[in-house]
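Every read-out reported here was derived from the displayed coordinates using simple, explicitly stated rules and does not represent laboratory data. This structure is a prediction, so every number in the text was calculated from the model and none was measured. Here the Cβ is made from the backbone with ideal geometry for all residues, glycine too, and neighbour counts use every protein chain on show.
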């Protein structure tokens, strides 16, 4: 089983100076990676990742996740290769099918049925793999030869069939988990489900029993790859308290009672308790589900760094 790995996402950049300071604090707190999302109204992912790598020494950087519907695969291959070079081979590429209908509408991109978006995701993965396997455009051969220019390509040879950066894919539905199990180096079992009858992107948190079933499904589809995959999830809340039951009831109300308090206490996607209790919850998630990589939202970064330290003390 892989060692624990912890990461945090980016909500905003502020100024160049404050973002540099944030990245260095993340690295010093023991996080292994910093991830950028791909939503409207938040910082563009690739410039942020280059800046984060430049500000740190070892911190890996990545996307969690790119919306495949926003990207032309040929242009995305160029972005990925350039970013992998400029980050010194510290890039991780997360790809998803997209789930916010309003973002597609605001960007003037057609909102397509889920099956079509899932097919686009897999086609993007396969096209990126092809691009990284044969990155040189024949039309540029003369220019490269005349000026001694190398063909643009990723530094890493880990993901995309051994031709690019590590690939992260995740979700909860069968189709996305099948794509992840077939192609990804990191399979992210998402902790949320779309609420029926509500606008796309309106989610509820998954229960422990649902997670058991989703993990079992993904692992069965991974077949002989299962032990080579890093199993990941995104924590939706990290709350320090001496009264787990009362805090779970408050969170259930905040989540519009789409999940009950008892289920919240057992869900692997929410940490509730003292630092020691939350650390034991992560160890339990590893032992029960196989999760070894946990990402936390930026507002929980400082508290979660204490949990990281406790997990390491428990497992050293």
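Can you tell me which of 166-179, 274-287, 23-36, 237-250 comes out highest on packing, and rank the rest after it, using the mean Cβ neighbours within 10 Å?
So the peptides 166-179, 274-287, 23-36, 237-250, ranked by packing, come out 166-179, 23-36, 274-287, 237-250.
Rank-order 184-190, 58-64, 4-10 by packing density, defined as the average count of other C-beta atoms within 10 Å over each peptide's residues, highest first.
Working: 184-190: 25.1, 58-64: 23.0, 4-10: 21.0.
Result, highest mean Cβ count within 10 Å first: 184-190, 58-64, 4-10.
Within a 10 angstrom radius of the beta carbon, how do 163, 293, 39 rank from fewest other beta carbons to most? Intermediate results must be reported in sequence, preceding the final value.
Working: 163 19, 293 22, 39 13.
Ordered from fewest to most neighbouring Cβ atoms within 10 Å, 163, 293, 39 come out as 39, 163, 293.
How many percent of DSSP beta bridges within the chain run antiparallel, rounded to 5?
10 percent
How fast does region 244-316 diffuse by Stokes-Einstein, in µm²/s, taking the Kirkwood radius from C-alpha pairs at 37 °C and 0.692 mPa s? Display every interim value, and only then the final one.
Working: Rh = 12.9 Å.
Estimated diffusion coefficient is 255 µm²/s.
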Q: Sorted from largest down, give the three principal axis spans of the alpha carbons of region 188-259, whole angstrom values.
A: 43, 35, 17
Q | Within the chain, helix-based [θ] at 222 nm, where runs of 4 or more DSSP H residues each add -39,500 (n - 2.57), nearest 500 | A | -14000 deg cm²/dmol
(Q) Output needed: percent of Cα pairs per 20 Å distance bin for the chain, bins running from 0 to the one holding the longest distance. (A) 31, 59, 9, 0
Q | Overall dimensions of region 1-159 as given by Cα atoms, namely Rg and Dmax in Å | A | 17.1, 49
Q: Rounded to the nearest 0.05, what FRET efficiency do residue 57 and residue 250 give with R0 = 35 Å and r taken as the Cβ-Cβ distance? Could you check?
A: 0.30
**Q.** Packing rank of 82-93, 104-115, where each peptide gets the mean count of other beta carbons within 10 Å, highest leading
**A.** 82-93, 104-115
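With 10 angstrom as the radius, rank 257, 301 by how many other C-beta atoms surround their C-beta, starting from the fewest. Write out the running numbers ahead of the final one.
Details: 257 11, 301 19.
Fewest-to-most ranking of 257, 301: 257, 301.
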**Q.** Helix 73-86 axis, angle to the chain major axis (alpha carbon atoms, nearest 10°)
**A.** 80 degrees
Q. By how many degrees, 0 to 90 and rounded to 10, does the Cα axis of helix 208-222 deviate from the longest principal axis of the chain?
A. 30 degrees
